[in-house]
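Chemist: To start, I am sharing the structure in question, which I have written as structure tokens.
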Amino acid sequence: MTTITIPKLPLLLKPFFLSLFFSLFFLLFLAFSQTPHHRKTTLPLTPTPPSKSSSHDLRIRPGYSSYDTYIQRQLNKTLNPKLRKIWTTRDWDRKVRVFANFFQSLKQRNLLSNDSKALSIGARVGQEVAALKAVGVSDAVGIDLVPYPPLVVKGDFHAQPFENGTFDFEFSNVFDHALYPWKFVGEIERTLKAGGICVLHVAISRRADKYSANDLYSLKPLVELFKMSELVDVRKDVDGFGLDTEMKPGRRRVVSFSFIKLADSLF
């Protein structure tokens, strides 16, 4: 029987192969250690928006030198001690009451049920979540840049910290705070189950509040952002003043949109 002799590696090549092995092991470890629940938001400053004829009716405000600059701007509002005190004291009962009345109306129209797994996007201190629970939707949580346990967990609405198809119902009235509205809507459609409902309250105005990152001049651009959903309900009589501390009566018209997701996403 012939014996095959494997030549030994030259001494200089051994450190090279050892280094290559450990480098590959380290890269594989990094790749599998990131779970969908803890994805880091690494968005470019100016991602390409969808090309639509009505895009001039949805305008992104200039002035952000980086995504971190935008985040800091939003945190300036969220962490404002005066506003947080108002949200958790004077405003609490009023907002919970107004939200509860609205969510109850959704239940009457079969857009929300007690069995819905619900998410409130941009929930601040969680009045919306408290209202959902008050009308019987016990499995409800909010996300915001600053958590407010147990009602609100930390999360960026441009990259929600949830698995695909997690929720039956998602609500938000902070669309105007999205620097990338197409990412905002895309994340809703990603995390919403097929047949799930998304409800957005938006303001049609020439100028929203000073912390807004976009201005919406007509309803068409918002509807066009939803690629996998169908508009099923529009209400133009929403109590906008009751839902926004910074809004003066009559300052802007608030419209409620309800969308149903038609199919599972291809994310």
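The values are calculated or read from the model by the stated rules, or taken from the named source; none is laboratory data. Quick caveat: nothing in here was measured; it's all calculated off a predicted structure. Counting neighbours? That spans all protein chains shown, and the Cβs are built from the backbone with ideal geometry, glycine included. In case anyone asks, the SASA skips ligands and DNA or RNA and just uses the protein heavy atoms, side chains included. Shrake-Rupley method; radii C 1.70, N 1.55, O 1.52, S 1.80 Å.
Chemist: Considering each of Lys77, Lys82, Lys154 in turn, give the residue that is open to solvent by less than 20 Å² (accessible area, probe 1.4 Å), basic (Lys, Arg) and either within 18 Å of the chain's Cα centre (by Cα) or at pLDDT below 95 (or both).
Modeler: When all the criteria are applied, what remains is Lys77.
Chemist: Name, by its number, the condition in (1) open to solvent by 30 Å² or more (accessible area, probe 1.4 Å); (2) touching a Phe, Trp or Tyr at 6+ places or on another chain (Cβ under 9 Å) that does not hold for Asp144.
Modeler: (1)
Chemist: Tally up the residues in segment 194-210 that are crowded, with 17+ Cβ neighbours inside 10 Å and not small (Gly, Ala, Ser), please.
Modeler: Looking only at that region, the number is 7.
Chemist: Here's something else I'd like to know. Based on this model, can you work out whether Ser120 counts as among the polar types (S, T, N, Q) and without any contact (Cβ under 8 Å) to a residue 40 or more places away in the chain?
Modeler: The answer is no for Ser120.
Chemist: Another question, if that's okay. Of everything in segment 157-172, what is within 18 Å of Val232 (Cα to Cα) and either open to solvent by 20 Å² or more (accessible area, probe 1.4 Å) or modelled with pLDDT under 95 (or both)? Give them in sequence order.
Modeler: Asp168
Chemist: Kindly check whether there is at least one residue in segment 221-228 that is assigned to a strand (DSSP E or B) and either open to solvent by 30 Å² or more (accessible area, probe 1.4 Å) or modelled with pLDDT of 90 or more (or both).
Modeler: no
Chemist: Does at least one position in segment 107-117 carry a residue that is in contact (Cβ under 8 Å) with a residue 40 or more places away in the chain and more than 25 Å from Gln160 (Cα to Cα)?
Modeler: yes
Chemist: Against the conditions (1) at pLDDT 95 or above; (2) closer than 26 Å to Gly63 by Cβ; (3) in contact with a strand residue (DSSP E or B) (Cβ under 7 Å, 6 or more places away or on another chain), where does Ala208 fall short? Just the number, please.
Modeler: Here Ala208 clears every test but (1).
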